[in-house]
Amino acid sequence: AGLVDMSSFAKFLLQGPQAEAALQRLAANDVAVPVGTSVYTALLNARGTFESDLTAARIAPDSYLLLTGTAQATRDAHWIRRQLPEGVTLTDVTSSYAVLSLAGPKVPEILSRLSPTSFDLADFQANAIRKITIGYATTWACRRSYLGDGFELYAPVEFTAAIYDALHEAGADLGLVDVGYYAVDSLRIEKGFRAWGRELTPDVNPYEAGLGFAVTLGKGDFLGREALVAAKAAPRTKRLIALVGPRPSGQMAWGGEAILADGKPIGEITSAGFGASLDGIVALGWASSDQPIDQAWLDARSWAIDLAGTSVSVSASLAAPLDRTHSRS
């Protein structure tokens with residue numbers, strides 16, 4: 001099991017009697033969910049392209065905890081506040097809460113040693129968020145993680161050191177270790193999780209990015225819906241693809257490398273690293289063509305990436321690297 005300090009994530013409280021209606025207009029996904037549920041959603045502009053992506057956790061009938069990327073705090077706060085009606089407030093609580101992210105098959109057992117809450121995956125279902133106690137601390141626990149299937153703890157900062165120590169004490173015999181951000185990036189690429197500023201920008205719509213699940217067209221009107229309806233019906237000649245290559249013997253891919261289809265440049269890598277689960281290079285990147293791009297189109301071509309002038313053969317897929325051999329959690 002791994003433990004990552006992701007306290008730099010930006011965190012906001014959206015509150016007010018009309019908080020649900022306000023967020024429904026801003027979010028492309030359906031956030032009219034029961035209290036105790038979190039939702040991953042795109043935030044779009046009128047062109048139907050990304051302004052941000054975030055997690056909205058409903059913690060009360062009139063309150064959502066919003067979690068977004070570290071570098072997005074000021075940008076997202078400005079974008080959201082511009083759209084809010086009177087009586088709905090957005091409060092930056094980033095400095096009030098730490099985020100401890102846990103991933104691995106032993107995590108439910110570790111947490112169960114510290115809290116009376118059941119962390120059995122059948123009881124604590126994906127995307128659920130609940131208040132739990134760990135020792136003398138009360139914290140939010142959410143079953144989601146940027147590392148794959150796992151749990152995130154949103155803890156008051158004054159209790160974080162004690163919770164961190166308790167987690168390591170409870171998980172010592174189960175192999176709990178601290179994990180750094182190179183590992184985080186590797187794991188999220190293996191799972192195909194997109195990152196703002198790399199895969200997601202204001203020039204990209206959710207269907208191109210393979211994030212159609214973060215959109216609910218049938219929920220009613222929202223910002224960017226009209227453009228998304230047109231984008232969904234249009235041929236997709238630009239797609240985000242996942243690449244898997246051999247274990248590097250010299251140069252490593254880090255992003256920015258050319259993607260080659262049948263020897264010709266067709267796009268650029270946005271994120272890359274070493275995938276320990278697959279023992280090789282894993283990468284995400286954009287491919288563009290004058291033809292619609294689907295999996296059959298990818299399979300009909302030979303793929304490579306340019307590593308410092310050397311062409312390295314890779315496989316290409318619309319599915320995340322791990323999803324080719326593992327079920328997505």
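Details
- Flag for Glu152 being modelled with pLDDT of 95 or more, crowded, with 19+ Cβ neighbours inside 10 Å and among the acidic types (Asp, Glu): yes
- Residue in region 205-214 that is of a type in the set (D, E, K, R) and either under 24 Å from Ala73 (Cα atoms) or in a helix (DSSP H, G or I) (or both) present: no
- Scope region 182-209; condition touching a Lys or Arg at 6+ places or on another chain (Cβ under 7 Å) and not aliphatic (A, V, I, L, M); matching residues: Tyr207, Glu208
- Beta carbons closer than 7 Å, at least 6 apart along the sequence or on distinct chains, pair a first residue in region 6-29 that is in the same structural domain as Phe213 (by TED's automatic domain parsing) and within 18 Å of Leu223 (Cα to Cα) with a second that is of a type in the set (Val, Ile, Thr) and outside any loop (DSSP other than H, G, I, E, B) for Leu26/Ile80; Ala27/Thr41; Ala28/Thr41; Asn29/Val39; Asn29/Thr41.
- Hits in region 86-96 (condition: assigned to a loop (DSSP other than H, G, I, E, B) and either surrounded by fewer than 11 Cβ atoms within 10 Å (Cβ to Cβ) or not assigned by TED's automatic domain parsing to the domain that holds Gly224 (or both)): Glu86
- Scope region 139-168; condition more than 27 Å from Gly69 (Cβ to Cβ) and touching a Leu at 6+ places or on another chain (Cβ under 9 Å); matching residues: Ala166
- Of the residues making up region 187-203, just one is farther than 18 Å from Thr70 by Cα and surrounded by fewer than 18 Cβ atoms within 10 Å (Cβ to Cβ), namely Asp203.
- Considering Ile281, Ile259, Ile266, the condition of being surrounded by fewer than 22 Cβ atoms within 10 Å (Cβ to Cβ), among the β-branched types (Val, Ile, Thr) and part of a strand (DSSP E or B) is satisfied by Ile266 alone.
- Among the residues here, Gly180 does not qualify as buried (at least 21 other Cβ atoms within 10 Å of the Cβ) and on the phi < 0 side of the Ramachandran plot.
- Any hit, region 188-199, residues being at pLDDT 95 or above, among the basic types (Lys, Arg) and farther than 26 Å from Met252 by Cα: no
- Any hit, region 278-296, residues being over 26 Å from the mean Cα position of the chain (by Cα) and free of Cβ contacts under 8 Å to residues at least 40 places away in the same chain: yes
- Within the option set Tyr154, Tyr146, Tyr164, being closer than 29 Å to Gly275 by Cα and either part of a helix (DSSP H, G or I) or in contact with a Cys (Cβ under 6 Å, 6 or more places away or on another chain) (or both) holds for one residue only, Tyr164.
- In the set Gly192, Gly218, only one residue is assigned by TED's automatic domain parsing to the domain that holds Tyr40, under 26 Å from Asn29 (Cα atoms) and assigned to a helix (DSSP H, G or I); that residue is Gly218.
- Of the candidates Asp165, Asp203, the single residue that is without any contact (Cβ under 8 Å) to a residue 24 or more places away in the chain and either of a type in the set (D, E, K, R) or touching a helix residue (DSSP H, G or I) at 6+ places or on another chain (Cβ under 7 Å) (or both) is Asp165.
- Screening Ala71, Ala21 for residues that are out of contact with any Leu (no Cβ under 6 Å at 6 or more places or on another chain), part of a helix (DSSP H, G or I) and either over 28 Å from Leu228 (Cβ atoms) or modelled with pLDDT of 95 or more (or both) leaves exactly one candidate, Ala21.
The values are calculated or read from the model by the stated rules, or taken from the named source; none is laboratory data. The structure displayed is predicted, hence computed values, not measured ones. Virtual Cβ from ideal backbone geometry, glycine too; neighbours counted across all protein chains shown.
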